Amino acid sequence: MKVSVAEAEGQLADLVRRAETGDEVILTRQGRAAVRLVPVTAPQSVAERERILMAAREAGRAKVTPGPCAARSQDFLYDDDGLPG
C-alpha cells in the first residue's frame, strides 16, 4: 500500500496497525517512495543468540578441510636472510 506523506498524517495510527500485521506500507513524497513502515522485531534472548552462534560455529567446523599449515604460508615471500625476495 502506498500513501502520500500528506495523507498519512491523518491516518498514522491505522497505517502503523497495518504495518504491524504484515502489510507493506510505503509513504511517498512527490510520487516517489520515501519511507517504508515495518514492525520492530522483539530482541532475541541471550540463550537464543548463543544457540545461533553455536550453530554457525558448528556449520563452519563441518566445512573445514585439512590443508597446508598456515603458520608458514608466507615463507615464500622472504629469502633465507628474512628479506623480501
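Considering only residues that are within 18 Å of the chain's Cα centre (by Cα) and of a type outside the set (A, V, I, L, M, F, W, C), look in region 7-39 and name the one that is modelled with the highest pLDDT. Among residues in region 7-39 that are within 18 Å of the chain's Cα centre (by Cα) and of a type outside the set (A, V, I, L, M, F, W, C), the one modelled with the highest pLDDT is 36. For region 3-25, the tally of residues that are assigned to a strand (DSSP E or B) and either open to solvent by 100 Å² or more (accessible area, probe 1.4 Å) or of a type outside the set (A, V, I, L, M) (or both) stands at 1. Just one of the listed residues (56, 42, 70) is closer than 30 Å to residue 22 by Cβ and at pLDDT below 85, and it is 42.
Each residue in region 26-69 was checked for being open to solvent by 80 Å² or more (accessible area, probe 1.4 Å) and either closer than 30 Å to residue 13 by Cα or in a helix (DSSP H, G or I) (or both), and 21 pass. The set of residues in region 70-85 being in a loop (DSSP other than H, G, I, E, B) and open to solvent by 80 Å² or more (accessible area, probe 1.4 Å) consists of 74, 80, 81, 83, 85.
The values are calculated or read from the model by the stated rules, or taken from the named source; none is laboratory data. Model, not experiment: these values are computed from the prediction. Cβ coordinates were reconstructed from backbone atoms using ideal geometry, including for glycine residues, and neighbour counts include every protein chain displayed. The accessibility values were calculated without ligands, DNA or RNA, using every heavy atom of the protein model including side chains. Shrake-Rupley method; radii C 1.70, N 1.55, O 1.52, S 1.80 Å.
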